[in-house]
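Let me begin by presenting the structure, written as structure tokens, before commenting on it.
The values are calculated or read from the model by the stated rules, or taken from the named source; none is laboratory data. Predicted model only: the values in this text are computed from it and were never measured. All Cβ positions, even for glycine, are placed from backbone atoms using ideal geometry, and neighbour counts span all protein chains on display.
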Amino acid sequence: MPVVVQRGRTRGWVALARGLWAAAEVAVTLGAVVLLLVVHQLWWTNREAREGAERQVRALEREWEGDEAAPEGSDAPAAPDASEGEAREEGGGGTGRRAPAARQTAPRWDQAYAVLRIPKLGVVAPVAQGIAKRGVLDKGYVGHYPRTAQPGQAGNFAVAGHRNTHGEPFRYINRLRSGDKVVIETRDAVFTYQVDKRLPQTSARDGGVIASVPRSVVKPGYGYSEPGYYVTLTTCTPEYTSKYRLVVWGKLASMRPR
């Protein structure tokens, strides 16, 4: 009796096996691409942004040191007179010496002009004008909200920073508690704010948190009711999302000349 070979069925199995193999290769390739993207976002952008931010901090410090070392009569800009604008007595020292007035003119767009330090968290980051991602936040900088006060001025010095990726300077600001320090250094002065209040979560459109007298319009129980000298730190929450905002507020405790 002749043997019947079912070639059609064999070819079908071969085709199926080849299809499954091709699909597996595509899945592995896509997985590798996704993994590379995750590594890029979570590791490389942090490394690149932190290194750039550290270089910018060092550049600002060298610039300020150069200004201090400039001989009298040189072209270096003079520190503003303490009698011009607002000035507060330096706290804690009992010397009665007055600090220079806070800078009144805003720096040019995307320019790093100050350094923010949060000793409790080990954060040291440049502060630049504006909150654009590409020009400011993605470089690991802290961005100053336009039309809010400058450091040391009456009102609200409000800033934003990434919580995840691109240097993530504000990743752990949820750990700040009352009394913790936020220090802002400029060319002319060093301003020390003390953390006072927190708002764990609010809408990304809650503009009240960066108002001159900061107070949430979404959750009115959070914020202030009187004018003062405030600092506001904002970042995204929960982590790895941008749906809501986490807010930390502080009050000016002291200022001193550089």
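Per-structure values
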{"item": "Scan of region 55-75 for residues that are at pLDDT 50 or above and hydroxyl-bearing (Ser, Thr, Tyr), ordered by number", "result": "none"}
{"item": "Candidates VAL33, VAL38 - the one that is loosely packed, with under 11 Cβ neighbours inside 10 Å, within 25 Å of the chain's Cα centre (by Cα) and either acidic (Asp, Glu) or modelled with pLDDT under 70 (or both)", "result": "VAL38"}
{"item": "Condition check for GLY208: touching a strand residue (DSSP E or B) at 6+ places or on another chain (Cβ under 9 Å), touching a residue at least 12 places away in the same chain (Cβ under 8 Å), among the small types (Gly, Ala, Ser) and over 19 Å from ALA125 (Cα atoms)", "result": "yes"}
{"item": "Test set (1) crowded, with 21+ Cβ neighbours inside 10 Å; (2) out of contact with any Leu (no Cβ under 9 Å at 6 or more places or on another chain); (3) not small (Gly, Ala, Ser) - VAL209 fails condition number", "result": "(2)"}
{"item": "Residues of region 229-252 satisfying the condition of being in contact with a Ser or Thr (Cβ under 6 Å, 6 or more places away or on another chain) and among the hydrophobic types (A, V, I, L, M, F, W, C)", "result": "CYS236, LEU246, VAL247, TRP249"}
{"item": "TYR240 vs. criteria out of contact with any Cys (no Cβ under 6 Å at 6 or more places or on another chain) and at pLDDT below 95", "result": "yes"}
{"item": "Of the criteria (1) at pLDDT below 65; (2) touching a helix residue (DSSP H, G or I) at 6+ places or on another chain (Cβ under 6 Å), which one GLY52 fails", "result": "(1)"}
{"item": "For LYS251: the one exception among (1) in contact with a Gly (Cβ under 8 Å, 6 or more places away or on another chain); (2) buried (at least 22 other Cβ atoms within 10 Å of the Cβ)", "result": "(2)"}
{"item": "Some residue of region 227-247 being surrounded by 15 or more Cβ atoms within 10 Å (Cβ to Cβ) and free of Cβ contacts under 8 Å to residues at least 24 places away in the same chain", "result": "no"}
{"item": "Leading residue by the ranking (surrounded by the most Cβ atoms within 10 Å (Cβ to Cβ)) among those in region 187-206 that are in contact with a Lys or Arg (Cβ under 6 Å, 6 or more places away or on another chain) and farther than 30 Å from TRP64 by Cβ", "result": "THR202"}
{"item": "Meets criteria (surrounded by fewer than 16 Cβ atoms within 10 Å (Cβ to Cβ), of a type outside the set (Lys, Arg) and either modelled with pLDDT of 95 or more or out of contact with any strand residue (DSSP E or B) (no Cβ under 6 Å at 6 or more places or on another chain) (or both)) for PRO146", "result": "yes"}
{"item": "Any hit, region 143-164, residues being assigned to a strand (DSSP E or B), within 12 Å of the chain's Cα centre (by Cα), without any contact (Cβ under 8 Å) to a residue 40 or more places away in the chain and closer than 16 Å to THR235 by Cα", "result": "yes"}
